[in-house]
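Reading through the structure tokens given below for one structure.
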Amino acid sequence: MILITFYDLFKSVVLPRPAINKFVLIRRAFFMLWNFWLWANERQAPSRREGWLATFGPIAVLFMFATWGMILMVGYAFIIDGLRDEVRPVPGDFWESLYFSATTLVPLSYGDLVPDGLGARLTAVFESATGVGIAALVITLLFSLYEAFQRREELVVTLDAIAGAPPSGVQILETVAERQMPGKLEETFDEWRAWMAAVLESHLAYPVLFYFRSSHDNEAWLNSFGAVMDAVALVLSAVDGPSQGSAKLTLTIGNHLVEDMVWYFGFERSEDVGVERVEFDQALERLEKVGYKVHDGDKAWEHFSRIRAKYAFGLNSMARRFAIIPAQWIGDRSYIPHRPGRVPRRTT
């Protein structure tokens, strides 16, 4: 039990690289906890649902370490129970050995049970060191997680200025055209390409970050990512613009991120575009009104469909799994404000 837990801790916390078998000891319990969170969320008042779901990420981190700590405590308790003759006074049963293990792991030993033999002393020393090591890992991981979370959210909040809330790829293109900021579009693609690479590394190394929700109303990191990808797809398939090169590079990194998310969560692949032809035509009309030179409708739709089919199923699968607030072309695409009394900003 102890060796397997150490292995799992090393793979999950110390080794910063993606692994499909991370959290092997508590993976099932972790997903059961999330399913319970979703079940309880359906029974919350609409105004409280986002706040309830937002608590899961931090609690999940504590849950993981608490589970590892409990397994280690029981494992050391079995060793102590096997060496009970080397403890003074001799533990009367396994529960007293478990009590000694718990007070050593924390450590909060009160001296009522004292290791006397070599084996018991070494076990107590190793267990006490284990407790200190876990505490250090908790602190280190929390700092790393919140640093990655803050980096992720900075661009999500910044994108709100040109994409709206919830964000829309069509509105990104509309805003930069209406405000005559052609360079802003390429700058946005460049910034989000770096963002995608950072999320690819941090979230697959520490998958619990997927469950950390954005802290602002009407915003979700997945929707912002989807809006940028849709803007990229429109630039490459439907309109003439100077940002083609940057858009192609961004699309490559974005597809990589989607593919790795699909691989990690085991989503079934689909070729569904996720957008109806009539919605695409409406988007082209909006873009043409603000000054874009749009391509032929049939050819543009064919090209757009090929591009979007590579990432749409992954985005929609993630949106359903994490109960993300809906946005244009993401999820159910029927936005209802989850905060009563708030007037939603421009949306599509």
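The values are calculated or read from the model by the stated rules, or taken from the named source; none is laboratory data. A quick note: this is a predicted structure, and the numbers were derived from the prediction, not measured. Note: ideal-geometry Cβ built from the backbone for every residue, glycine included; neighbour counts use all protein chains shown. When the accessible area is computed, the model is the full protein with side chains, heavy atoms only, and any ligands, DNA or RNA have been set aside. Shrake-Rupley method; radii C 1.70, N 1.55, O 1.52, S 1.80 Å.
Laid out as a table, the results:
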read-out: Within region 97-124, considering residues that are outside any helix (DSSP H, G or I) and buried (at least 20 other Cβ atoms within 10 Å of the Cβ), the one modelled with the lowest pLDDT; value: Leu113
read-out: Candidates Leu251, Leu257, filtered to the one that is in contact (Cβ under 8 Å) with a residue 60 or more places away in the chain, in a helix (DSSP H, G or I) and touching a helix residue (DSSP H, G or I) at 6+ places or on another chain (Cβ under 9 Å); value: Leu257
read-out: Qualifying residue in region 36-50 (condition: at pLDDT below 90, in a helix (DSSP H, G or I), open to solvent by less than 40 Å² (accessible area, probe 1.4 Å) and not aromatic (Phe, Trp, Tyr)); value: yes
read-out: Pairs with Cβ under 7 Å, 6+ apart, first in region 41-54 and under 14 Å from Ile325 (Cβ atoms) and without any contact (Cβ under 8 Å) to a residue 40 or more places away in the chain, second assigned to a loop (DSSP other than H, G, I, E, B) and open to solvent by less than 50 Å² (accessible area, probe 1.4 Å); value: Trp52/Gln44
read-out: Subset of region 288-326 (residues that are farther than 17 Å from Ala227 by Cβ and open to solvent by 70 Å² or more (accessible area, probe 1.4 Å)); value: Glu288, Lys289, Lys293, Asp296, Asp298, Lys299, Glu302, Arg306, Arg320
read-out: Glu191 open to solvent by 50 Å² or more (accessible area, probe 1.4 Å), in a helix (DSSP H, G or I), of a type in the set (D, E, K, R) and free of Cβ contacts under 8 Å to residues at least 24 places away in the same chain; value: no
read-out: Test result for Phe267, assigned to a loop (DSSP other than H, G, I, E, B) and farther than 21 Å from Arg286 by Cα; value: yes
read-out: Breaking point among (1) open to solvent by 30 Å² or more (accessible area, probe 1.4 Å); (2) at pLDDT below 85, for His338; value: (1)
read-out: Residue match in region 247-267 (condition: farther than 20 Å from His203 by Cβ and open to solvent by less than 10 Å² (accessible area, probe 1.4 Å)); value: yes
read-out: Only listed residue being open to solvent by 60 Å² or more (accessible area, probe 1.4 Å) and either within 26 Å of the chain's Cα centre (by Cα) or at pLDDT below 90 (or both), chosen from Ile139, Ile134, Ile162; value: Ile139
read-out: Hits in region 212-232 - residues which are open to solvent by less than 10 Å² (accessible area, probe 1.4 Å) and of a type outside the set (Phe, Trp, Tyr); value: Ala220, Leu222, Asn223, Ser224, Gly226, Ala227, Val228, Met229, Asp230, Ala231, Val232
read-out: Residue check, Val87 more than 30 Å from Gly117 (Cβ to Cβ) and either open to solvent by less than 50 Å² (accessible area, probe 1.4 Å) or at pLDDT below 90 (or both); value: no
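The rows are residues; the columns are (1) part of a helix (DSSP H, G or I); (2) of a type in the set (Asp, Glu); (3) under 29 Å from Gly51 (Cα atoms).
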| position | (1), (2), (3) |
| --- | --- |
| Met196 | yes, no, yes |
| Val199 | yes, no, yes |
| Phe210 | yes, no, yes |
| Asn223 | yes, no, yes |
| Gly241 | no, no, no |
| Val275 | no, no, no |
| Gln282 | yes, no, no |
